[in-house]
Amino acid sequence: MAYLTREDGQRFVIPSYRDVISKRKGQLKNDILEFSSRYGEYITFHRRGLAQYEIAFSHEAGYLFGECVWQYFKRPADLIYCEVIPDTTEAYFVIVKDGSVYLDGSFPLENIIEEILVFTTQKNNFDIYVYGDAPLSEQPQEGKFSFDPGSVKSFTVLPEPLFQHLPVVKGYQLQLVDVVLRQQGIGVFPVKYVIAVVILLGMAWMGFTYLTLHKKRLPVVEAPPPPNPFLEFNTALASSAPDVEMEMVVLAVDLLTTMPGWIPTDISYSGGKMTVNVKSLGPKVEYLYDWAEHNSASIMIMPGGFSLTMTLPLPPKRGLPTKIYPLDRVIMTIVDRISVFMPGNVVKVGTVKAQRVFKQTDLRIELQEASPDVVFMIAEQLKDLPLVLTNLTLKINHGLTGTIVLQALGN
């Protein structure tokens, strides 16, 4: 069945094809149109990494079923959801593996165990949710399937069925391919940029003409520039904005999860450079070298294994400030912003050091098994503040654990 329709008329779609494309945008449009001609004119489009895009194709409009279920359960890396459909021998069934929907739809109960057996030979950490007389059980039970305890992170029997009140997620709505391409700016002629360039050229020409006509009348008086009281302050902030750097690090971590047979364990970032210790799950080192070559990373052989070095493509430096705010106010602002969604004393303030025209101190934000979304939320709170990201260290296990070190500036 290509879609599931519930009592309120809402339609959930099971796409005919999902794929992750790792190419430049100049090539992306042709690939999407080619896949669309085969698998359907309705698509969803999501960025997976620095240059990766996850795309689903369907012949039907609606919302992606598996992704809506995944979003409802707060996007765990590995998920199994099984809801028996009343008065039938079928169940709504979703499997998510490594953060991507592996299988979704409605299936005969007798086929569900067959779909799960493939995971018994893999390393898993499933969050499992069931409703009704599902063929899954937490403990061994006759006629039902149960995972080894080491493969289960949690097992929840839902108190009520989910499907009839499953929220739809706007980001997972399938739309016509032309509409999505325009929204994403893929293959679209950049009219705004052309107009801006034309205006700038016109202003430059007018200025040149004016100076040419008046240069004989107006004497040239060269006055020394006034001293800049912000020079030392601006020099200290001569770096990319910390929120942008943190977002780029999280996107790079997402990209690292695509290594075939290798996983990142420890990450250290500073000044656009990221060093990553990696661990093998069994495949050859050759696979790691191939992945590094295709993703602009270099490999170092260490006494304890292998590590990768990546240079992140940071944007131009931030705009210069026009005022130096009190350092106490800067600290108070960042602590209050982060405490909204991370209660507790997670921001540690260091010793205040006085410079000639400003003061500075270190702020340490501790992470404990945080999701990438939490790091994105922290980055959002740093926007437009006089902060410098000096160091970021992460350990990757069931989440992101580590320390974000910022330098706060003020008077």
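Things to note:
- Elements of type strands (runs of 3 or more DSSP E) in region 255-346, at least 1 residues being over 20 Å from the mean Cα position of the chain (by Cα): 273-280, 297-302, 305-311
- Looking at L33, L64, just one residue is over 22 Å from S371 (Cα atoms) and modelled with pLDDT of 95 or more, and that residue is L64.
- Within region 339-358, residues that are more than 18 Å from T401 (Cα to Cα) reach partners that are β-branched (V, I, T) and not in a loop (DSSP other than H, G, I, E, B) with beta carbons closer than 7 Å, at six or more positions or on different chains, in the pairs V349/I331; V349/T361; G350/T361; T351/T361; V352/T361; K353/T361.
- Output for region 120-142, where each listed residue is under 16 Å from S154 (Cα atoms) and not in a loop (DSSP other than H, G, I, E, B): F126, D127, I128, Y129, V130, Y131, L136
- Qualifying residue in region 130-147 (condition: free of Cβ contacts under 8 Å to residues at least 12 places away in the same chain and touching a Lys or Arg at 6+ places or on another chain (Cβ under 8 Å)): yes
Per-residue answers, yes or no, for (1) touching a Ser or Thr at 6+ places or on another chain (Cβ under 6 Å); (2) open to solvent by 90 Å² or more (accessible area, probe 1.4 Å):
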site: N277; (1), (2): yes, no
site: S280; (1), (2): no, no
site: I299; (1), (2): no, no
site: P303; (1), (2): no, yes
site: F306; (1), (2): no, no
site: P316; (1), (2): no, yes
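- In region 133-179, residue nearest to D104 (Cα to Cα) [restricted to those that are surrounded by fewer than 15 Cβ atoms within 10 Å (Cβ to Cβ) and of a type in the set (G, A, S)]: G171
- Considering residues of region 331-346 that are among the aliphatic types (A, V, I, L, M) and within 23 Å of T393 (Cβ to Cβ) only, the residue most open to solvent (accessible area, probe 1.4 Å): V335
- Those strands (runs of 3 or more DSSP E) lying entirely in region 347-409 with at least 1 residues open to solvent by 40 Å² or more (accessible area, probe 1.4 Å) and among the aliphatic types (A, V, I, L, M): 347-349, 387-396
- Close pairs from region 160-179: first free of Cβ contacts under 8 Å to residues at least 40 places away in the same chain, partner open to solvent by 50 Å² or more (accessible area, probe 1.4 Å), Cβ under 8 Å, at least 6 apart: E160/Y131
- Set I299, I334: member being under 30 Å from L237 (Cβ atoms), at pLDDT 85 or above and not acidic (D, E): I334
The values are calculated or read from the model by the stated rules, or taken from the named source; none is laboratory data. Please read these numbers as outputs of a predicted model, since none were measured by experiment. When we count neighbours, we look across all protein chains shown, and the Cβ atoms used for this are built from the backbone with ideal geometry, even at glycine. Heads up: the accessible areas ignore ligands, DNA and RNA and are worked out on the full protein's heavy atoms, side chains in. Shrake-Rupley method; radii C 1.70, N 1.55, O 1.52, S 1.80 Å.
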